[in-house]
Amino acid sequence: MHAQWSAHSRRPARGTKASTPRRSATARTRAETRTSGPDPRPPAPAAAAAQTTLTTLSVWRQLYERDFPLYKQPLEVGCFSLDSRRRFFNDARQLRYYVAPERKIPNFDLRAGYRERFVRRDDGVKEGLDHILRWILANRAKLQAPDAAAASPPDCALGVDFVTWRGHLTKLLTTPYETREGWLLAATRLRGTLYVSEVETDAARAERLARTERHSEMMYWGYKFEQYTCAAEPRGRPDEGGVVNTNEAFCTVVRTRLANHRLLFSGEVDCRDADPRAPPGPACYLELKTSAEICTAKQRSNFHRFKLLKWWAQSFLPGVPRIVAGFRDNDGMVVSVETYQTSKISQLIKNEYNCWKPTVCMNFCSDFLSFVQSVATEDDPRVVYLFSWEPHKEVSYTVHRDTQYCFLPDWYLREMTHAQ
């Protein structure tokens, strides 16, 4: 049996509530055979009369306070870059190198350049899994390693159970503790592999369209912090006055296993350690973050309970070991920088009352993937299973055939069919 790679792979500490039975949460969910309610989004005309059998998955935290599940150390199998026009390149041309601030109080002005040197990606354009799919087509040989081929059933073309974005898995890890934002995840099965892609909820779309100028500027601050601390070359210097273009990205592609789920996912990486002696990815990567400076005990508690949860989930999944945080004042001036070891974040929060638990996050994610596998059984890209969740409710799903929810592009289906 593979060793779990994180320090979290241990039994819950004494004093926690009793562990639940070892059955998966899927087996404990209420299964109800009834006509589904209204779709979470208006269906296409062809699907208007569709009705499905609805089953649910509980998000109750105590169900997931079990032993930490096996999580195999993530292995980077490739990478890709997106340029200033969002074009795909099967290489690392957009990889940047971390440059630590020279002063203890950096005084980086995160507002600089917002009006005149900011090229904003159109977040109304939904790319789905397209960039990951392009990487798969260019690197299929990497996915068929001898051990993977031997372990894969003959009808599983890629040798993995799930293909998705890291961000979608991050949403799953944080779901048991999320109280504000719901989600929609679409799943479809092709040649034995389940592809999972996010669908924008009505609430998220309304929030995006109503975004204030202040909110947009604060989103820019995170990208500007990256510009202050990253160089294009290993021994280079940051281009502090350059254009911030959020179309550009460097993405790692990792392969791992959660319980019995073989995962292939991609996530954007901010930069890598500039030391040439640093290990290969993902162990050399760093995540860069900004956050409001912490001045009170209440602010520190909220930082531990909410922000560190998302930071931990985002970095733990691909095996990124360090998070560099720039703490800024209300005017966007960075007043301090702190580095967090991903594997030690659970120790930082252990004294917080009723705080989040890594084991709950990972067990819920594992059980959700089992739930998807049990539901999404038809191997047909024209069939999409739409999983829906809202805070304080259970995960439910509806089934859609030949609707606007189909997301695997024709060019990918042609290539995969030809390969068969």
message = Quick check on region 332-351: of everything there that is closer than 28 Å to residue 218 by Cα and part of a loop (DSSP other than H, G, I, E, B), which residue is nearest to the chain's Cα centre (by Cα)?
response = 349
remark   = Scanning region 297-329 for residues that are under 15 Å from the mean Cα position of the chain (by Cα) and polar (S, T, N, Q), the one nearest to residue 281 (Cα to Cα) turns out to be 315
request  = Consider only pairs whose beta carbons are under 9 Å apart and that are at least six residues apart or on different chains; among these, list those whose first residue lies in region 85-98 and is in contact (Cβ under 8 Å) with a residue 40 or more places away in the chain and whose second residue is β-branched (Val, Ile, Thr) and surrounded by fewer than 17 Cβ atoms within 10 Å (Cβ to Cβ).
outcome  = 86/125
task = Take residue 277 and decide whether it is open to solvent by 50 Å² or more (accessible area, probe 1.4 Å), in a strand (DSSP E or B) and out of contact with any helix residue (DSSP H, G or I) (no Cβ under 8 Å at 6 or more places or on another chain).
result = no
message = Among the residues of region 282-297, are any among the polar types (S, T, N, Q) and part of a strand (DSSP E or B)?
response = yes
message = Contact list please: Cβ distance under 6 Å, first residue in region 366-381 and acidic (Asp, Glu), second residue assigned to a loop (DSSP other than H, G, I, E, B) and open to solvent by less than 30 Å² (accessible area, probe 1.4 Å), pairs at least six apart or on different chains.
response = none
request  = Would you confirm whether any residue within region 130-140 is in contact with a helix residue (DSSP H, G or I) (Cβ under 9 Å, 6 or more places away or on another chain), modelled with pLDDT under 95 and surrounded by fewer than 17 Cβ atoms within 10 Å (Cβ to Cβ)?
outcome  = yes
request  = Being out of contact with any strand residue (DSSP E or B) (no Cβ under 8 Å at 6 or more places or on another chain) and closer than 21 Å to residue 291 by Cβ narrows it down to one of 114, 98, so name that one.
outcome  = 114
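A quick yes/no check of all residues on (1) of a type in the set (Ser, Thr, Tyr); (2) open to solvent by 70 Å² or more (accessible area, probe 1.4 Å); (3) touching a Leu at 6+ places or on another chain (Cβ under 8 Å):
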residue	(1), (2), (3)
315	yes, no, no
320	no, no, yes
323	no, no, yes
330	no, yes, no
333	no, no, yes
336	yes, no, no
343	yes, no, no
346	yes, no, no
352	no, no, no
key: Some residue of region 329-336 being in contact with a helix residue (DSSP H, G or I) (Cβ under 6 Å, 6 or more places away or on another chain) and either within 30 Å of residue 162 (Cα to Cα) or among the charged types (D, E, K, R) (or both)   = no
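The values are calculated or read from the model by the stated rules, or taken from the named source; none is laboratory data. Fair warning: this is a prediction, and the values are worked out from it, not measured in the lab. Methodologically, a virtual Cβ is constructed for each residue, glycine included, from the backbone with ideal geometry; neighbour enumeration extends over all protein chains shown. In case anyone asks, the SASA skips ligands and DNA or RNA and just uses the protein heavy atoms, side chains included. Shrake-Rupley method; radii C 1.70, N 1.55, O 1.52, S 1.80 Å.
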